[in-house]
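Comments concern the structure below.
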Amino acid sequence: MEFAIYKGERPDDISEMGASFIYGRKQRFLVLSKKYYSNTEPEFVGLPPGEWREKSMILRREHEVTHYYTKKFYGSASNNLHDELIADFVGIYEAFGYYEARLFKHFLGIDGTGGGRLSLYTDGLSHNVREAVAEIAGRCADTLETWTKTARFMNMNKTERINYLCETSIKDLANIL
């Protein structure tokens, strides 16, 4: 199966992947693993292993479905920081019923202890630029957490929230309030 998904080529290493969003002309499907999201241990999120595994699956599913939505309605499901911010935002919110910036920072590795996905978006950049990107991503995460506590956010449905995030630049997301 992996050969068809990766255009007939065997990928170097899929052990770190938690999900794949696969799409062609007519078929689209998600392949989700049962691993903890972003290799985060249950102790970090303060949940028993079984409950964290369930929330990881919800988070991963909602993350990938968000990529599907952005691909379908915005023509983009890129592997970039803006798309990941939106997909993780939706995933975290749907899994927990609230958004916590601390989780996003950990999943991306911004906090220095987490998954390290930030390197996917900053590969080849200088140390100073990587640090600046991490700072912007962290600021976005903090601002989004505050945004979730506003009346404006509460009055939006899930689709409106995703559309708003897609239509707002990452620069503006860092200063959304």
Matching option when the condition is out of contact with any Asp or Glu (no Cβ under 6 Å at 6 or more places or on another chain) and either in contact (Cβ under 8 Å) with a residue 12 or more places away in the chain or surrounded by 20 or more Cβ atoms within 10 Å (Cβ to Cβ) (or both), among ALA101, ALA87
ALA87
Unmet criterion (only one of (1) buried (at least 19 other Cβ atoms within 10 Å of the Cβ); (2) touching a Lys or Arg at 6+ places or on another chain (Cβ under 8 Å); (3) modelled with pLDDT under 90) for THR122
(1)
Of the residues in the stretch 59-76, how many are over 16 Å from THR159 (Cβ atoms) and surrounded by fewer than 16 Cβ atoms within 10 Å (Cβ to Cβ)?
2
Restricting attention to the stretch 58-109, which residues are outside any helix (DSSP H, G or I), at negative phi and at pLDDT 95 or above?
TYR98, TYR99, GLU100
Does LYS55 qualify as being part of a loop (DSSP other than H, G, I, E, B), more than 21 Å from THR143 (Cα to Cα) and within 16 Å of the chain's Cα centre (by Cα)?
no
Would you please list the contacts, defined by Cβ atoms under 6 Å and residues six or more apart or on different chains, that run from a residue in the stretch 22-38 that is closer than 18 Å to ILE58 by Cβ to a residue that is modelled with pLDDT under 75 and in a loop (DSSP other than H, G, I, E, B)?
SER33/GLY18; LYS35/GLY18; SER38/GLY115
Working carefully through the options ARG161, ARG130, ARG117, ARG152, find the one that is buried (at least 16 other Cβ atoms within 10 Å of the Cβ), on the phi < 0 side of the Ramachandran plot and without any contact (Cβ under 8 Å) to a residue 24 or more places away in the chain.
ARG130
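The values are calculated or read from the model by the stated rules, or taken from the named source; none is laboratory data. Since the model is a prediction, treat every value here as computed from it, not as a measurement. Neighbour counts are summed over all protein chains in view; Cβ atoms, including those assigned to glycine, are modelled from backbone coordinates with ideal geometry.
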